[in-house]
Each structure stands twice: as C-alpha cells, then as structure tokens.
C-alpha cells in the first residue's frame with residue numbers, strides 16, 4: 001500500500017441541487033517518489049455518478065501528503081460517497097485504499113422556476129344561485145298588447161250633417177174663400193223657385 005487515505009472531509013448533510021465539495025488527503029507511504037491519485041463515486045437510491053476532481057494525479061515525495069479536491073451535485077435524496085486511492089507502479093494504476101461516508105439530504109428549498117403574472121378574480125360561491133356578473137340595464141315600460149282591435153292612430157274629423165239635396169219645389173195650391181153667396185176659387189199654376197244670383 002503506497003497511497004494511504006489520511007482524511008476525508010465531506011458535509012454530513014446537503015440540499016438537493018447544491019455543489020458538494022470534498023477534500024481527500026492522500027499520503028505517499030512508499031520509499032520513493034511516485035504518482036498518486038484518487039477516484040470516487042456517489043451512490044444514491046436510483047443511480048451512481050462520478051466525482052469531478054481538481055487534479056488527475058500528482059507526484060508525491062516519500063511520506064508527503066497531498067490533498068485532492070473534488071465536487072459533485074447533490075441529488076434530492078441521501079447518498080453514499082466512496083473514495084479510492086491509487087498509485088502508479090510504472091505500468092498501471094494500483095488501487096490501495098477505500099473510504100466511505102454518507103451524506104444526508106437536507107430540507108429542500110423552494111425556488112422560483114418561472115414567473116408569470118395572472119389576474120385572478122375571487123368569486124364567493126353561495127349554495128344555490130350566485131352572482132356571476134353584474135350590469136345595469138335601462139328598460140322602457142311598454143304598454144301591454146290588447147288582443148283584438150286596438151288604436152293605431154287618432155284624428156279628430158268634423159262632419160257637417162247634411163240631408164239629401166232637396167228637389168226643385170213644384171207644388172199646386174189653392175185658396176178657397178167661401179162667403180155667403182160668393183165663391184171664389186183661385187187656382188195657381190205651378191211655381192218654380194229659383195235661387196237668387198249674387
């Protein structure tokens with residue numbers, strides 16, 4: 001074992017969506033200078049994702065301790081963080097140690113994803129009928145229609161009473177006067193009455 005995990009620093013709780021920073025201290029326990037590195041994985045309920053590291057690898061002197069900083073995005077659930085230390089033997093990477101820690105999920109904070117302003121009308125509903133809208137209407141009072149005949153229009157007409165045109169006056173008349181011993185008969189022929197010309 002040439003790359004020893006000395007310390008793993010990670011938060012105990014993180015909120016979903018937060019960038020979690022971790023620091024891993026690795027010591028070169030070999031008697032010679034060598035390359036060391038670290039890897040890690042975040043295992044949750046549904047998936048597992050890698051940790052992004054600041055350095056791919058570093059060269060450490062014998063007994064030297066180096067710090068590797070990594071980060072990952074915290075999901076909305078608790079996760080388990082696994083850390084692995086490695087050293088290079090000249091041909092391949094050799095895994096040395098494993099360290100594990102748990103990170104709990106914090107209280108989720110609400111955040112504004114989008115904003116839209118809408119006007120909402122408050123309607124107080126009453127059991128039965130309720131007022132949906134209100135408007136004022138002017139209604140003219142109209143006379144009721146009478147069935148049958150009704151007065152459409154009215155005029156005053158003056159009519160002079162006139163009888164039939166009288167005919168031309170033609171009449172016989174006579175006057176008889178009787179006296180003792182005297183008799184007189186007056187006979188008048190037909191008289192025609194003509195209008196006076198103006």
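Brief remarks on what is shown
- Flag for residue 12 being in contact with a strand residue (DSSP E or B) (Cβ under 9 Å, 6 or more places away or on another chain) and surrounded by fewer than 14 Cβ atoms within 10 Å (Cβ to Cβ): yes
- Taking the stretch 56-77 as the range and being in a loop (DSSP other than H, G, I, E, B) and either touching a helix residue (DSSP H, G or I) at 6+ places or on another chain (Cβ under 7 Å) or surrounded by 13 or more Cβ atoms within 10 Å (Cβ to Cβ) (or both) as the test, the residues that pass are 57, 62, 64, 74, 75.
- Against the numbered list (1) surrounded by 12 or more Cβ atoms within 10 Å (Cβ to Cβ); (2) within 17 Å of residue 99 (Cα to Cα); (3) under 44 Å from the mean Cα position of the chain (by Cα), residue 50 comes up short only at (1).
- Filtering 85, 25, 80 for residues that are within 14 Å of residue 105 (Cβ to Cβ), surrounded by 13 or more Cβ atoms within 10 Å (Cβ to Cβ), out of contact with any helix residue (DSSP H, G or I) (no Cβ under 6 Å at 6 or more places or on another chain) and touching a residue at least 24 places away in the same chain (Cβ under 8 Å) leaves a single hit, 80.
Each value in this text was obtained by applying a stated rule to the coordinates, not by laboratory testing. These numbers come from a predicted model, not from an experiment. Cβ coordinates were reconstructed from backbone atoms using ideal geometry, including for glycine residues, and neighbour counts include every protein chain displayed.
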